[in-house]
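Heads up: the structure comes next, in structure tokens.
The values are calculated or read from the model by the stated rules, or taken from the named source; none is laboratory data. Here the structure is a predicted model, which is why all the values come from computation and not from measurement. So basically every Cβ, Gly included, is an ideal-geometry build from the backbone, and we count neighbours across all protein chains shown.
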Amino acid sequence: MYKAILWDNDGVLVDTERFYFEANRKTLRELGVELTLEMYQQFFLLESRGAWHLLDGKGYSEEEIEEFKRERNSIYAELVDSEEVVVEGAAETLEKLSKHYFMAVVTSAYREHFERIHNRSGFHKYFQFALANGEYGKTKPAPDPYLAGLKRSGFKPEQCIVVEDSERGLRSAVAVGIDCWVIKTEMTAKSDFSLAKRQFDNLIQVREALLELVDGAA
């Protein structure tokens, strides 16, 4: 019986990945580099190294790269502020599952973006804590994020379930010994999810499966 859910954020609870792609694509295009969706999926959602290496050989300094990142982050913030990003069924899912499970978020997003999104969503009340990029060691697919989440939760690996949408997140969870359920999205559907305990098409299916486990244990 699972006692704790460690949620990924982008692509699972909020539909923001497409905006992060757009922010990176727009920033790099102004610098003469075309970031395709396939490149984004490989560099960000699988390898988790970003795309700034595409600027190698163009003579930009580290300080300039940091400024480009700030510009990208500003574009991304404007995009997520202008659209409804909450995934269908997310509010009801969190409300229902919070009655039965300890819940937290382990995300590769930056803290400022996470807070910006969920100050609007109102989802903070469902989470015991949230860990964002920079608040653990290496990011996914390294085990560091879920190791940190596991330690802070106080639960054993077999008592937790991770809900992810990316191969890098799946690999991070499995490396820690936590079962991982995956939601296949348009951005990550071509990934290798063979290590996932279960695969789903949407968040509502995940909710119903987790509630069934509660009913079965009663």
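State whether the residues of region 150-162 include one that is in contact with a Phe, Trp or Tyr (Cβ under 6 Å, 6 or more places away or on another chain), farther than 30 Å from Asp81 by Cβ and either part of a strand (DSSP E or B) or not assigned by TED's automatic domain parsing to the domain that holds Thr36 (or both).
Yes: one or more hits.
Which condition from (1) under 16 Å from the mean Cα position of the chain (by Cα); (2) of a type outside the set (S, T, N, Q); (3) within 17 Å of Ala4 (Cβ to Cβ) is the one that Lys197 breaks?
Exception for Lys197: condition (1).
Which count do you get for residues in region 131-172 that are more than 23 Å from Lys190 (Cα to Cα) and touching a residue at least 60 places away in the same chain (Cβ under 8 Å)? Before the answer, list the steps.
First, the residues of region 131-172 that are more than 23 Å from Lys190 (Cα to Cα): 131-138, 144-160.
Next, only the ones that are touching a residue at least 60 places away in the same chain (Cβ under 8 Å) stay: 146, 149-150, 153, 155, 159-160.
Going through region 131-172 one residue at a time, the tally reaches 7.
Which count do you get for residues in region 52-104 that are of a type outside the set (Lys, Arg), more than 30 Å from Glu208 (Cβ to Cβ) and assigned to a helix (DSSP H, G or I)? Before the answer, list the steps.
Step one: of region 52-104, the residues of a type outside the set (Lys, Arg) are 52-57, 59-68, 71, 73-95, 97-98, 100-104.
When the remaining residues are screened for being more than 30 Å from Glu208 (Cβ to Cβ), the result is 52-57, 59-68, 71, 73-79, 81-82.
Keeping just the survivors that are assigned to a helix (DSSP H, G or I) gives 52-55, 62-68, 71, 73-79, 81-82.
So the answer is 21.
Whether any residue in region 183-192 is more than 15 Å from the chain's Cα centre (by Cα), in a strand (DSSP E or B) and buried (at least 18 other Cβ atoms within 10 Å of the Cβ) is what I want to check.
No.
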